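Step one of this worksheet: look at the structure below.
Just so it is clear, none of the values below were taken in a lab; they were calculated from the coordinates. Bear in mind the structure is a predicted one, so any value in this text is a computation, not a measurement. Neighbour counts are summed over all protein chains in view; Cβ atoms, including those assigned to glycine, are modelled from backbone coordinates with ideal geometry.
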Amino acid sequence: MSGTTIGSRTPQDDLAREFLHNYRRGARLLAVAATDPARSADFADMLAAALQTQGAVTGVVAQGGRGESELRSEVVAPIRDAGVDAVTIVCGDTSLLAERTRWMWHSSICLAAGVEMANTDADAIVDITDPQHPTRRYADFCQCDVG
């Protein structure tokens, strides 16, 4: 999943730059969700590499079937309590973006392929129909009457 490049940048590079611009310091949590957790893990690994290239200490944790309470007690609380200046990417299925879990993350990315519906509550949506060339989607549902 190398990503479509702009010059030498990939979508992961751009997402990493945006995240680090918005969340500069502290124990930061970033969720990467997909219907297929394996695709989420692959993308999270590439995003972690992009974050590290930009100077951020970064780790990846798999959701591993944890629900909201387990994520909160086993992943989120220990990371926040440690207070280390680092980014932790939590990868897994789309339940990471559910009503009770989406507020645990500083930012979130939803991966969608083909006709899969992306969760528009995510901060970023990435189309991974072609895993070798992911592209960012922008969900604009504005129904403004400008006439």
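Some values worked out for this structure:
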quantity	calculated
Within the range 28-73: Cβ-based charge dipole about Cα centre, in debye rounded to nearest 20 (Lys, Arg +1; Asp, Glu -1)	140 debye
Distance between modelled label sites at residue 137 and residue 93, nm, 7 Å Cα→Cβ extension	2.0 nm
Peptides ranked, highest mean first, by Cβ atoms within 10 Å: ranges 50-60, 22-32	22-32, 50-60
Percentage relative contact order, the chain, counting C-alpha pairs under 8 Å, at least six apart	30 percent
Cleavage-rule hits (trypsin sites (Lys or Arg not before Pro)) in the range 59-136: DSSP loop, at most 14 neighbouring Cβ within 10 angstrom	100
Sum of -39500 (n - 2.57) over DSSP H runs of 4+, divided by residues of the chain (222 nm, nearest 500)	-7500 deg cm²/dmol
The range 39-132: GluC sites (Glu not before Pro) in DSSP coil with no more than 13 other Cβ atoms inside 10 Å	99
Neighbour net charge for residue 64 - beta-carbon separation under 13 angstrom, K R +1, D E -1	-2
Within-11-Å neighbourhood charge of residue 53 [Cβ basis; K, R +1; D, E -1]	+1
